[in-house]
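FYI, it's all coordinate maths here, none of it is from the lab. The structure displayed is predicted, hence computed values, not measured ones. Counting neighbours? That spans all protein chains shown, and the Cβs are built from the backbone with ideal geometry, glycine included.
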Amino acid sequence: MDFKKITLIAILFILFFLGLLFFLKQNDSNELTKINLSPEEQMVSDRISPFGNGEGFWDEAISPFREDRTKPYLELLDDLKSGKINFVWEVWALRRKCKSDFTPDQCNATILAYIDAEYESPDREKVKDLFVSYFRYEEEYRKWEQPTELPFMELYEKIKSKRREILSDKADLIFGMEEAQVSFLEGTNNFLKQTTSVPAELRVKQFEEFKKKTYGNYYDSLVSREDKFDHYQMEMSLREKEFSNISDPKEKEKYLFKVESKYFGKEKAENLANERKKEAKLWESVSVYETKEKEFLKENPGLSSAEQEKKLKELRIQILGSEEEADAYLRRKNIEEAGK
């Protein structure tokens with residue numbers, strides 16, 4: 001994972017985040033209900049409807065409610081603190097189960113009605129308080145006039161302050177994992193730039209320490225959801241300088257095999273090494289063919305296009321090993337030339 005890929009991930013995350021903020025700021029009358037009641041009062045007043053007796057919705061509800069038993073409040077709290085679940089995404093996934101003609105308030109009320117039906121006191125009140133607090137935050141956020149023309153991280157700091165102004169200590173429960181991820185994205189590029197002269201093994205170790213420190217309590221949950229290939233690419237980017245200084249192809253292969261075995265296991269690493277050998281052999285053959293092609297065309301200028309192509313096809317099959325490989329080479333070449 002090089003600088004460009006890390007930057008791209010950061011940009012995509014920022015665009016996605018800004019898209020969510022934009023959605024929250026919308027005031028379409030078909031989607032947002034303007035009311036004088038407090039959010040909680042409005043939810044209570046709407047609660048009579050929406051799913052009838054709630055069958056279906058309750059059976060299909062997602063975590064932390066999709067298990068055979070509802071999670072006790074303290075267990076739910078631990079899952080939020082560890083990053084096992086992301087509160088905001090749970091809310092939005094639950095909302096996707098609401099009927100399409102529901103107002104946001106009706107959908108919120110249905111979620112609270114579900115909690116009423118599934119929980120006993122005192123957990124019921126504590127779990128509801130989390131949801132009601134988040135619903136109130138959304139309403140307050142939509143009213144907030146954001147500072148304009150600020151760089152993303154400065155704006156994000158303002159947003160974090162606003163969250164704590166509205167939610168107090170609940171802001172960490174609801175947004176803590178997201179904020180840790182943003183901090184990690186912000187800090188990764190800085191880390192890579194500041195450690196370019198650090199030996200590869202130490203750099204890998206320091207990066208993992210930086211990651212643990214930045215993710216905090218969310219480290220285990222976030223890492224468990226990350227793709228192994230992304231981990232591998234990240235480590236290779238940390239080792240890029242050392243790897244590029246290896247001139248012996250055999251030593252390069254040993255180096256790659258060691259890192260790949262760490263992430264994918266020995267068998268998979270062996271398969272990857274074999275694929276690279278095949279690829280290298282193919283490109284050697286391609287280089288030979290292209291040299292022969294130039295020589296043939298230079299020596300046979302009088303042949304018709306059809307005769308030239310017939311002879312070149314025979315030459316491709318002879319050098320590349322099969323008609324399939326010869327056709328694949330020609331397709332790649334045509335695509336490359338079309339893209340120029």
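Extents of the range 137-217, largest first, come to 50, 30, 12 Å (Cα atoms, principal axes, whole angstrom).
Per the Cα gyration tensor, the range 214-279 maps to an equivalent ellipsoid with semi-axes of 26, 15, 8 Å, ordered largest to smallest.
To the nearest Å, what is the center-to-center distance of the range 185-236 and the range 267-328, using C-alpha atoms only? A separation of 42 Å, based on Cα centres.
Averaging 1/r over each pair of different alpha-carbon atoms in the range 199-319 and inverting the result gives 18.3 Å, the Kirkwood hydrodynamic radius. The alpha-carbon atoms of the range 69-135 define a convex hull whose volume equals 85 cubic angstrom per residue. Pairs exceeding a 19 Å alpha-carbon distance, out of LYS292/LYS313; LYS277/LYS333; LYS228/LYS268; LYS84/LYS170: LYS277/LYS333.
Each of TYR232, ASN274, THR291 was placed along the dipole of the range 172-321 (beta-carbon charges, centred on the mean Cα), and the one lying farthest toward the positive end is THR291. Here the scattering of the range 87-193 is modelled by Debye summation over its C-alpha atoms, one equal scatterer each and no solvent; at q = 0.09, 0.12, 0.24 Å⁻¹ the log10 of I(q)/I(0) is -0.31, -0.53, -1.35.
Couplings 3J(HN,Hα) of the range 131-143, computed from phi: 5, 4, 5, 5, 4, 5, 4, 4, 5, 5, 5, 5, 7 Hz, in residue order, whole Hz [Karplus 6.51 cos²θ - 1.76 cosθ + 1.60, θ = phi - 60°; x for Gly and Pro].
With only the Cα atoms considered, the range 154-200 has a convex hull volume of 81 Å³ per residue. With the charge dipole of the range 82-223 set up from +1 on Lys and Arg Cβ and -1 on Asp and Glu Cβ about the Cα centre, the Cα lying farthest toward the positive end among the listed residues ILE115, GLY216, SER168 is that of GLY216.
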